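Here the structure is laid out as structure tokens; the discussion comes afterwards.
The values are calculated or read from the model by the stated rules, or taken from the named source; none is laboratory data. Given the structure is predicted, the values throughout are model-derived calculations rather than measurements. Please note: Cβ atoms are built from the backbone with ideal geometry, for glycine as well, and neighbour counts cover all protein chains shown. Accessible surface areas use protein heavy atoms only, side chains included; no ligands, DNA or RNA. Shrake-Rupley method; radii C 1.70, N 1.55, O 1.52, S 1.80 Å.
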Amino acid sequence: MALLAGSMTALMAETQVFVYDYLGEVDGVSDNGHYAAISDTDNGFAYLWDSEKPEDLEDISFISDPDLPTSMTASGTLVYDVSDNGIVVGAIKFGNKQNPAYYADGKWNLLPMDPNAMNTNEAVAITPDGKIIAGYHFIFDPSTQTDVKGRFYPCQWYLQEDGSYELKSYNTLKLPDHQGFFPHAQSPDGRVVAGTVYCGIGSNIPAIMKDGEYVIFDEVETRWEPWMFRGKWFAGQETLPDGTVKQYWVDDVNDPNVVLFPEEYINGYRDAEIRLEGMFVGCDDKGNLYGARSLVANVTEDGAGDVHTKACIYNYEDDTWYYEEGVDMFVAGVGKDKLFTISGDVLEGNDITNARDAYDIVTDYSISGIYRCSVDAKTLGGIAYEIHPGTGQPIFYPFMIMVDGGSYDPSSVQCVAGNPKEALIIVADGHIEVVNASQVAVYDMNGKLMGNTAVTSVEAGIYVVVADGKSYKICVK
């Protein structure tokens, strides 16, 4: 089912803006700018945008599948990212439980889950070649102090030769006694999963899984301390025969009856009144992770201090940080050359411009911002909104921008076939690799056989790949 854009504005030479009169948000844009994943989380609808038909949105909402038990009738579809060859990842809602899933070749497929997974589980990111998916499971853990007795743990799924995805769950991480590690993004090579770790009273800090290793950048510490109230120290309580509770308070902190309570410290700062904010929400192909991080300064012995939250970029290749004063969070970018903020601004060099003005977006809706982009920032996905007159709450609408025609060039696609249950063809570094095919043949344009194995080394040019009886035309640069 195709949905027509509510309004389209052509501007700035060949640059076009498409604002859609359908509820939803742009959650993911493929690195090559060919596709975008859009979802209406409140109503459970999901859409796929294609740069070759930019005025339309394809409805890919999951309804039902005859192969599934009738008890698994879907109540909604969530999507978060899309590969260069159009594989969409997200989750299918079955009642109050979410199952991670991916969409390829017109069909939704459920991903395997951790055996201890509870109600909230999603796939949130996919590599451009479609080989590695990142996500999370909410796993039962009776030791946590949270009411629901569970924690978020990151995970990845790796594409196998038979077309299935195999789960790798990082469910043994030693996480703070809070809600766990919630991932938002994945590096294009799948080496890094990035997100936020919940800790302390209600703070969160940026964190990554790099090559399977858990990395945080802040020191999180639990100290056991007495509790003072109105100049006295709490020394326990008991329930009297009549059911009333009697509390005991003493003047001396060294009294052996004084009760100690756990207090959380982050970088020496006592996490109590001002909560720290930190997370990574996006990445690029140069090792840059985009997000925000709270920094503390002037920390005293009792844990007081000054908290400053800044937009940040962390490069996991050279272990360097970049901070921007006066900006709450970066959500996407191209290195430091062009940055998009959560507040709707675009930073380019020393210039800061609102997204509406930067791209001359003409619409009756307000512009929330641009939150996803291709690696060259020529294909952009954003969110517009209006305020509901009855509830006073914002209603969100997706929009797409194709700068100077967009970034997608069919001749430069690195991954040209996308059904992981069939052939997956990858072009890189002077060779053609075919995954998920039992019979392979690669021919040049003169009909000469160049190879019949999974990997064929070739020169620049046009080739025809025949995989299990299906033909694909491939351009190698």
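Full-extension gain between Thr320 and Leu240, please, as 0.36 nm times their residue separation minus the C-alpha to C-alpha distance.
22.9 nm
If ligands, DNA and RNA are left out, what is the accessible area of Met118 with a 1.4 Å probe, given in Å² to the nearest 10?
About 50 Å², rounded to the nearest 10.
In region 187-201, which residues have a backbone nitrogen under 20 Å from the label point lying 7 Å from Asp211's Cα in the Cα-to-Cβ direction?
Flagged as within label range: 187-195.
When the chain is fully extended, how far beyond the present Cα-Cα distance does Trp227 get from Asp67, taking 0.36 nm per residue of separation?
51.8 nm
Taking a cut-off of 19 Å, what percent of all Cα-Cα pairs in region 57-127 are separated by more than that?
That fraction is 28 percent.
Send over a whole-number figure in Å² for the accessible area per residue of the chain, probe 1.4 Å.
Accessible area per residue, the chain: 47 Å².
Using the Karplus curve 6.51 cos²θ - 1.76 cosθ + 1.60 with θ = phi - 60°, work out ³J(HN,Hα) for each residue of region 179-190 in order, rounded to whole Hz, and write x for Gly and Pro.
For region 179-190, the Karplus curve yields 7, x, 9, 10, x, 10, 9, 9, 5, x, 8, x Hz.
Enumerate the residues in region 222-238 having an amide nitrogen under 20 Å from the point lying 7 Å beyond the Cα of Val250 toward its Cβ.
224-238
Semi-axes of the equivalent ellipsoid for region 159-312, please: Cα gyration tensor eigenvalues, times 5, square-rooted, ordered largest first, whole Å.
In descending order, the three semi-axes are 41, 21, 11 Å.
Excluding Asn99 itself, what net charge comes from residues whose Cβ is under 11 Å from its Cβ, given Lys and Arg +1 and Asp and Glu -1?
Once all neighbours under 11 Å are counted, the net charge is +1.
Looking at region 190-231, which GluC sites (Glu not before Pro) are in a loop (DSSP not H, G, I, E or B) and have at most 11 other Cβ atoms within 10 Å?
Sites meeting the loop and neighbour criteria: Glu219.
Whole-Hz Karplus ³J(HN,Hα) for region 467-473, in order, using 6.51 cos²θ - 1.76 cosθ + 1.60 and θ = phi - 60°, x for Gly and Pro?
Along region 467-473, the couplings run 10, 6, x, 9, 9, 9, 8 Hz.
Carbon and sulfur atoms: what percent of the 1.4 Å accessible area of the chain do they account for?
48
Could you sort Ser407, Ser471 by their accessible area in this structure, using a 1.4 Å probe and putting the largest first?
Ser471, Ser407
Out of residues 5 or more away from Gly28 or on other chains, whose amide H comes under 5 Å of its own, with H placed 1.01 Å from N in the peptide plane?
Answer set, sorted by chain and number: Ala37.
Once label points are set 7 Å from the Cα along Cα→Cβ at both Asp409 and Glu166, what is their separation, rounded to one decimal in nm?
Those two pseudo-labels are separated by 3.7 nm.
Provide, in order from the shortest bin, the percent of all Cα-Cα pairs of the chain in each 10 Å bin, continuing until the bin that contains the maximum pair distance.
Using 10 Å bins, I get a P(r) of 4, 17, 26, 25, 15, 8, 4, 2, 1, 0 for the chain.
Please give every one of the lysines within straight-line cross-link reach of Lys93, meaning a C-alpha to C-alpha distance under 30 Å, and leave out same-chain neighbours fewer than 8 residues apart.
Straight-distance partners of Lys93: Lys53, Lys107, Lys131, Lys149, Lys168, Lys174, Lys210, Lys421.
Kindly report, to the nearest 10 Å², the accessible surface of Arg356 as traced by a 1.4 Å probe over protein heavy atoms only.
Solvent-accessible area, nearest 10 Å²: 70 Å².
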